[in-house]
Structures are given as structure tokens and as C-alpha cells.
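Notes follow the structure.
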Amino acid sequence: MSEVSLMRSTGLAGLLCALQPIVCAEPPQAEPEADPEPQVSIEDVRAEAHAKGFAEGEAAAAAALLPHRTALEAAAEVLIAACSIDPAALRTPLAALVRAIAERVLAAELATGATVLLPLVEAALAELVPDAAPVLRAHPDTLAALEGHLAGLAVQPDPAMRPESFSLEGPTFLVNASLAARLDEAMATLA
């Protein structure tokens, strides 16, 4: 009776019981797991953002400062050029300054007495042959200042001569000497 009652069951339960079980050829496979997303730390993101922002800021600052940097470099070049000394350009004015100072010093020394010429006169006399009987020709003021130092030397005043110059003349020679000529020689070594 129980078999009969099972057969006769009606309704949903009977229907479900009457159905044949479905046989699957393969059990359903689970989907493969995707690669897990890499773990990102907030510190790594912050550091990367900071580095990117810093690089962008540095590039923007360099671009903003470029005109100022260019102007400073140009100003530095001008300053260096202004501070450089060209010896060739200074030679002439420096020589003129040295000569002007020397001439003023010589004029001041001559104003105190022409004895400053005495070493030059003695050097010129030493170059002459003995018994040459030279005559010292010089400005009258120069001869007056040298008067006590010219023992036995013939003199001839010449107002046309400059006070710092003189000449020694003899029958076969003429020696022109002056402080100006010596100064010219000294100045030639500066040129």
C-alpha cells in the first residue's frame, strides 16, 4: 500500500518525486581567481605624489627664474669686463703720469739748487779724454748753483737752455745731457 500511495501522490510533491534526477557530465567549475590587486600603502601614494609635485614645482620655479638668471649672468659678465685691467691700455696714461710726477719732482729739486745736476755733469766729464779742455754750457741759474763745484772748468752761460740741461763742448766733441733726456731713457724702459 505504501507503493500505491506513493504512486498516487498528487500535487507538487508527487510531481517532484516523479521527476528523474538530472545527471551532469561535469560538476560546475569555479571561476579562476583573478590576480589579487597589489597592496598599495597610503605612504607610497603620498611619497609618489610629493615627488611629482616637487618636480613640477621645481620646473615651474626654474622657468619663472630663467629671465632673472639670464639678467644676472649678463650683469656678471659686464662686471667682470669692467673690473678687468688691460695693461696695454694703461701703459700710456701710466707712463704720462709717471713722467708728470718725475718732472714736478725734478723742478722742485732744481728750484732748491742746480746741484742736483752735479752727478750728471761729473759722469759726462768722466767720459771725456783727459786734456780735452771742455766748456760747460748751461742756463745761467744752473751755472750759478754749480759754481763752487766746477773747479777750473770753463763755463758759458746760455739763457736759451733749460735749467735741467747742459752741454760739454770741445774742439772734437759735443755732449748734450739733461735730466729730461735721462727721464726719457727711464720712460723708454716703461713702454
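Descriptive notes on the structure:
- Residue satisfying condition, being more than 42 Å from the chain's Cα centre (by Cα) and without any contact (Cβ under 8 Å) to a residue 24 or more places away in the chain, within set A145, A133, A151, A96: A151
- In the range 99-120, the residues that are within 18 Å of E185 (Cβ to Cβ) reach residues that are of a type in the set (K, R) and at pLDDT 80 or above with C-beta atoms within less than 9 angstrom, at least six apart or across chains, in these pairs: L120/R182.
- Any hit, the range 8-17, residues being over 30 Å from S165 (Cβ atoms), modelled with pLDDT of 70 or more and charged (D, E, K, R): no
- Among residues of the range 74-86 that are at negative phi, none has a beta-carbon under 7 Å from a residue that is surrounded by 10 or more Cβ atoms within 10 Å (Cβ to Cβ) at least six positions away or on a different chain.
- Filter pass, A132 being under 18 Å from R182 (Cβ atoms), among the small types (G, A, S) and assigned by TED's automatic domain parsing to the domain that holds R162: no
- Single condition L125 does not satisfy, out of (1) within 15 Å of S178 (Cα to Cα); (2) in contact with a helix residue (DSSP H, G or I) (Cβ under 7 Å, 6 or more places away or on another chain): (2)
The values are calculated or read from the model by the stated rules, or taken from the named source; none is laboratory data. Quick caveat, the model's predicted, so the values are computed rather than measured. As a convention, Cβ positions derive from the backbone with ideal geometry for all residues, glycine included, and neighbour counts pool all protein chains shown.
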